[in-house]
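Where a number appears in this text, it was derived from the coordinates with a stated rule and is not lab data. Treat the numbers as computed from the prediction; the structure is a model and nothing was measured. All Cβ positions, glycine included, derive from the backbone under ideal geometry; neighbour counts span all protein chains shown.
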Amino acid sequence: MSSVQHETFDIIAKQAKIELDTIKPESTLKDLGIASLDAIE
């Protein structure tokens with residue numbers, strides 16, 4: 001995993017309050033239970 005990808009996943013996990021391990025490169029927002037990128041500040 002690249003450092004940019006890891007940082008991005010880390011931000012999504014923290015903002016969406018989900019485990020980092022649940023985020024995969026092929027994950028969609030729907031898969032992660034995120035309705036919109038508006039939820040990610």
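Pairs meeting the criteria (first residue in region 1-27 and more than 16 Å from LEU37 (Cα to Cα), second residue among the small types (Gly, Ala, Ser), beta carbons under 7 Å, at least 6 apart or on different chains) are GLU19/ALA13; LEU20/ALA13.
Go through region 1-21 and give me each residue that's hydroxyl-bearing (Ser, Thr, Tyr), over 8 Å from the mean Cα position of the chain (by Cα) and either part of a helix (DSSP H, G or I) or surrounded by 13 or more Cβ atoms within 10 Å (Cβ to Cβ) (or both). Lay out the reasoning, then the answer.
The initial filter retains those residues of region 1-21 that are hydroxyl-bearing (Ser, Thr, Tyr), namely 2-3, 8.
Those left that are additionally over 8 Å from the mean Cα position of the chain (by Cα): 2-3.
Listed by number, the list holds a single entry, SER3.
Across region 22-41, which residue is surrounded by the fewest Cβ atoms within 10 Å (Cβ to Cβ) among those that are of a type outside the set (A, V, I, L, M) and assigned to a helix (DSSP H, G or I)? Of everything passing the filter in region 22-41, ASP38 is surrounded by the fewest Cβ atoms within 10 Å (Cβ to Cβ).
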